[in-house]
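Below: one structure, written as structure tokens.
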Amino acid sequence: MINKKLPVVSLIFYILAGLVLIFAVWSAVFSFQYISTMVSMGQIVPGDNLFEITSFHMANFGQYIIYAALLFGVGWVMYLFSAPTTLAVFEEDDLEDLLEDFDLGEDEEVEEEA
């Protein structure tokens, strides 16, 4: 598993994908209820009108499922390609050693040319 912090952009895409998926499920429930009502009333025969039923479902909720998958995919790609967020922790001894390595002590004076 990748141990990275979740970027804000990925989180936004995940939330949008979740909202679109919720709308798709809600729309699917009403689409299936509508078709089953039409079948029970005898207005449509499922075996003869399979293409029309399928296109009705795709027009009402199929595209939102695809949008949710694409938004989730974009969020996942943003997560994979985000830069890792690691912080360096320095203690006082490390800072002193670093200053000694660069020789930034008070020994050197800046000479001004007149």
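The values are calculated or read from the model by the stated rules, or taken from the named source; none is laboratory data. All values reported here derive from a predicted model rather than from experimental measurement. Note that we place each Cβ from the backbone using ideal geometry, even for glycine, and neighbour counts take in every protein chain shown. Ligands, DNA and RNA are stripped out before the accessible areas are found, and what is left, the full protein with its side chains, is counted by its heavy atoms. Shrake-Rupley method; radii C 1.70, N 1.55, O 1.52, S 1.80 Å.
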_Descending semi-axes in Å of the stretch 12-65, equivalent ellipsoid built from Cα gyration tensor_ = 28, 11, 5
*Calculate the spin-label point distance for residue 38 paired with residue 50, positioning each point 7 Å from the Cα along the beta-carbon direction, and give it in nanometres.*
1.7 nm
*Report the accessible area of residue 14, computed with a 1.4 Å probe over the heavy atoms of all protein chains in place, in Å² rounded to the nearest 10.*
50 Å²
*Can you tell me the FRET efficiency between residue 77 and residue 26 if r is taken as the Cβ-Cβ distance and R0 is 35 Å, rounded to the nearest 0.05?*
0.80
*Just order 50-57, 70-77 by mean Cβ neighbour count inside 10 Å, highest at the front, would you?*
70-77, 50-57
